[in-house]
Amino acid sequence: MDHIGIDLHKRESQICSLAEGGELIERRIRTEPQRFAEALGGRAPAQVLLESSTESEWVARCLEALGHHVVVADPNFAPMYATRTRKVKTDRRDARALAAKQATRTIPIVFIGAGDPVTSGLVTSLGRPGGNITGLTSQVDPEIVGKCLELLKQAVPKVKRVGTINP
């Protein structure tokens, strides 16, 4: 089964298709139903991971009508799916990362960034992410805060006050 990542935007979207044999096909199209039908219709069902946007609901319905299996992801996680050598976020990199996320179950993937990886479906839980994905998030779970304070108290028993600074 092919794996497709789509970085959605209001006017144009970037598509990256990763075939079972490893062939990579990239394409930029207008974000219109007929363009998605032309680009992704008439082919075997694929796993599609869309970056969530104002357009994602109708695009997901359109792709499901074409026979594809669609998952919508939080856009904050797209850059985390793949290793980036530059700190520049591009549609092409995001689409590739989304396709790679769908395609691999064995290659380790490390994410770093903001947002909640559990809510987005990236991992099953923060304590046990499962699969081949792990990483860091700036999202703070109350259980984790409690555990951090507990460890701090063990390390520095005389501590009276603790504060945090968020940028």
> Which one of the conditions (1) crowded, with 19+ Cβ neighbours inside 10 Å; (2) modelled with pLDDT under 90; (3) in contact with a helix residue (DSSP H, G or I) (Cβ under 6 Å, 6 or more places away or on another chain) does residue 2 fail to meet, given that it meets all the rest?
Replying inline: (3)
> Is the stretch 49-67 home to any residue that is in a strand (DSSP E or B), modelled with pLDDT of 85 or more and β-branched (Val, Ile, Thr)?
Replying inline: no
> Under the condition of being in contact with an Asp or Glu (Cβ under 7 Å, 6 or more places away or on another chain) and exposed (fewer than 13 other Cβ atoms within 10 Å of the Cβ), which residue from the stretch 7-29 is farthest from residue 93 (Cα to Cα)?
Replying inline: 20
>> Can you go through 35, 43, 28 and tell me which one is assigned to a strand (DSSP E or B) and either touching a helix residue (DSSP H, G or I) at 6+ places or on another chain (Cβ under 9 Å) or of a type outside the set (A, V, I, L, M, F, W, C) (or both)?
In response: 28
> Within the stretch 45-63, can you find the residues that are under 7 Å from residue 8 (Cα atoms) and surrounded by fewer than 17 Cβ atoms within 10 Å (Cβ to Cβ)?
Replying inline: none
> Of all residues in the stretch 18-46, which are in contact with a Lys or Arg (Cβ under 8 Å, 6 or more places away or on another chain) and either within 16 Å of residue 61 (Cα to Cα) or modelled with pLDDT of 90 or more (or both)?
Replying inline: 26, 29, 30, 31, 39
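The values are calculated or read from the model by the stated rules, or taken from the named source; none is laboratory data. These figures come from a predicted structure and were not determined experimentally. Positions of Cβ are backbone-derived with ideal geometry, glycine not excepted, and every protein chain shown enters the neighbour counts.
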